[in-house]
Amino acid sequence: MTNHVRNEMICYFRTDTFLINNTLKVYGFTCDIAEEESVSEEREIIVRLAALLHDIGVPEAVRKHQSAAGNYQELEGPSVAKQILGERYPKDTIERVLYLVGNHHSYSKIHGMDFQILVEADFLVNLDEAKSTWDEAQRVGERYFKTHTGGNLLRWMYDGRDAQDFTRE
C-alpha cells in the first residue's frame with residue numbers, strides 16, 4: 001500500500017543515502033510501534049505514509065534556506081509530500097499526512113496516536129544517529145515518549161539492560 005510512496009521518496013532523495021536510510025529506519029520503527037499499539041488500519045496507513053515523507057522537505061529547505069533545520073523542513077515538506085501522494089488516498093488521509101509532515105518537529109502540537117508514534121520513531125533514529133547517551137535519551141523519553149512500545153524500545157536501545165528486564169514492568 002505504501003511501496004509507491006517509498007519508491008518515490010527514494011527517487012526524490014536521489015543519491016542522499018543518509019536521508020533515505022534515516023527515512024527507512026523511521027518507517028521501520030513507525031510500523032513496529034503502530035502494530036504493537038494496535039492503532040486502527042486507517043491511522044496505521046496515515047502514520048506509515050507520514051514516516052516515509054517526514055523529511056521530504058529537507059532538500060528544498062537546504063536549497064531555499066541553506067538549512068535543514070526542523071522549521072524549514074516543516075515549511076517545505078507538505079508541498080513536496082502532496083505531489084508524491086497525488087490523489088491516491090482519501091482527502092482526509094492526505095490532509096492528515098501533510099499535517100504530520102508539516103509539524104513533526106513541533107512537539108507542542110502533538111495530538112493523536114499517529115503523531116505520537118511518528119515523533120517517537122523519529123527520536124529513536126535521531127538519537128542513534130547523534131550517538132546519544134542513555135542520559136540524553138532518558139531526558140527525551142521522559143519528555144516526549146508516551147507509548148509503551150516506544151518507551152520500551154528507547155530503554156532497550158539506550159539503557160543497556162537485557163530486554164527481559166522491561167517485560168516485567
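Coordinate-derived values only; no laboratory data. Computed from a predicted model, the values in this text were never measured in an experiment. Don't worry about glycine lacking a Cβ; one is built from the backbone with ideal geometry, like all the others, and counts go over all protein chains shown.
Observations
- The alpha carbons of the chain give a radius of gyration and a Dmax of 15.6, 50 Å, in that order.
- Per-residue ellipticity at 222 nm computed for the chain from its helices equals -22500 deg cm²/dmol, with DSSP H segments shorter than 4 residues left out and the rest contributing -39,500 (n - 2.57).
- Annotation for the range 111-128 versus the range 67-87: alpha-carbon center distance of 17 Å.
- Dipole check for the range 3-167: with +1 at the C-beta of Lys and Arg, -1 at the C-beta of Asp and Glu, and the Cα centre as origin, the magnitude is about 500 Debye.
- Spin-label proximity, Asp159 to the range 106-146 - amide N less than 17 Å from point 7 Å beyond Cα toward beta carbon: 124, 133-146
- In this structure, Glu36 and Arg63 have a Cβ-Cβ separation that, at R0 = 45 Å, corresponds to a calculated FRET efficiency of about 0.75.
- Among the listed pairs Lys82/Lys109; Lys109/Lys131; Lys25/Lys82, those beyond 24 Å (Cα-Cα): Lys109/Lys131
- If R0 is 22 Å, the Cβ-Cβ spacing of Leu24 and Met1 corresponds to a FRET efficiency of close to 0.85.
- Placing unit charges on the Cβ atoms of the charged side chains and taking the dipole of the chain about its Cα centre, the candidate lying farthest along the positive direction among Phe29, Gly102, Ile46 is Gly102.
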